[in-house]
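As structure tokens, the structure follows; a few thoughts come after it.
The values are calculated or read from the model by the stated rules, or taken from the named source; none is laboratory data. Just so it is clear, the structure is predicted and the values come from calculations on it, not from any experiment. For neighbour counting, all protein chains shown are included, and Cβ atoms are generated from backbone atoms with ideal geometry for every residue, glycine included. Each accessible area value is taken on the protein alone, full model and side chains, heavy atoms only, with ligands, DNA and RNA left out. Shrake-Rupley method; radii C 1.70, N 1.55, O 1.52, S 1.80 Å.
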Amino acid sequence: ELKVEQNPLFLSMQEGKNYTIYCNYSTTSDRLYWYRQDPGKSLESLFVLLSNGAVKQEGRLMASLDTKARLSTLHITAAVHDLSATYFCAFIPSDSNYQLIWGAGTKLIIKP
Amino acid sequence: KAGVTQTPRYLIKTRGQQVTLSCSPISGHRSVSWYQQTPGQGLQFLFEYFSETQRNKGNFPGRFSGRQFSNSRSEMNVSTLELGDSALYLCASSYQAGGPETQYFGPGTRLLVL
């Protein structure tokens, strides 16, 4: 079964703290995507990770990919309120017909 | 560059009716994908079009259909609407089918079926 498990599904944290969102996917892939969605809004692309060991950073967010463990992480450093959103990871299985398989999303609330 | 646009943004229909949603991709993008987002099922892939051909279809009933025109604009149609079709329908475009670059999403059409 093609699936993505994100955890936690809900995270409430204080500003200034660090935390990590985990994304486990079920089958071989070297294409992992992170998106952000604000309430009532569409999806905004954050990172595209295309190889084992890939690491990308943008501001306080850093994403990494371990294709052997089928695991991607999204690390938040010194969180600020503006990062409150729902974060989705998605992957495209290798040898597939390029359909994105989505996680359930992690709703992140950052309190001042 | 203008982003992905979707029309209409909001729609209210009654059971049994049909609906057509429209998506205009980013200029130069030839691949358009459609997704359904609901609180219960999350994001689910509907179908993907590239150069007017459906390349890929998700696990949805035949009431859901789509097409793509020569200018890459796409429409999706849902016939015989059911209450469970109430959702946010998102369209995404990319330059080519199958990645690896990211897809760019439109603002979505929020459909309410009464």
- Query: In this structure, is residue A:96 in a loop (DSSP other than H, G, I, E, B), within 14 Å of chain B (Cβ to nearest Cβ), exposed (fewer than 15 other Cβ atoms within 10 Å of the Cβ) and out of contact with any strand residue (DSSP E or B) (no Cβ under 6 Å at 6 or more places or on another chain)?
  - Reply: no
- Task: From the list B:28, B:40, pick out the single residue that is free of Cβ contacts under 8 Å to residues at least 60 places away in the same chain and either in contact with a Pro (Cβ under 8 Å, 6 or more places away or on another chain) or small (Gly, Ala, Ser) (or both).
- Result: B:40
- Query: For the range B:75-101, how many residues meet the condition of being open to solvent by less than 10 Å² (accessible area, probe 1.4 Å), part of a loop (DSSP other than H, G, I, E, B) and among the hydroxyl-bearing types (Ser, Thr, Tyr)?
  - Reply: 0
- Note on the structure: Checked the range A:11-37 for anything within 14 Å of chain B (Cβ to nearest Cβ) and open to solvent by less than 50 Å² (accessible area, probe 1.4 Å); matches are A:23, A:29, A:32, A:33, A:34, A:35, A:36, A:37
- Item | Matching strands (runs of 3 or more DSSP E) fully within the range B:1-55 where at least 2 residues are under 20 Å from residue B:72 (Cβ atoms) and in contact with a strand residue (DSSP E or B) (Cβ under 6 Å, 6 or more places away or on another chain) | B:5-7, B:19-24, B:31-38, B:42-50
- Message: Go through (1) on the phi > 0 side of the Ramachandran plot; (2) surrounded by fewer than 17 Cβ atoms within 10 Å (Cβ to Cβ); (3) within 10 Å of chain A (Cβ to nearest Cβ) for residue B:16 and report which single condition fails.
- Response: (3)
- So which of A:104, A:69 ends up being under 24 Å from residue B:57 (Cα atoms) and open to solvent by 20 Å² or more (accessible area, probe 1.4 Å)? A:104
- Enumeration of residues in the range B:55-74 that are surrounded by 14 or more Cβ atoms within 10 Å (Cβ to Cβ) and within 14 Å of another protein chain (Cβ to nearest Cβ): B:55, B:56, B:57, B:58, B:60
- Query: Could you say which residue among A:90, A:69, A:54 is more than 30 Å from residue B:110 (Cα to Cα) and within 12 Å of chain B (Cβ to nearest Cβ)?
  - Reply: A:54
- Task: Taking residue B:75 as the residue in question, decide whether it is under 30 Å from residue A:6 (Cβ atoms) and charged (D, E, K, R).
- Result: no
- Just to be sure, is residue B:27 out of contact with any helix residue (DSSP H, G or I) (no Cβ under 9 Å at 6 or more places or on another chain) and surrounded by 15 or more Cβ atoms within 10 Å (Cβ to Cβ)? no
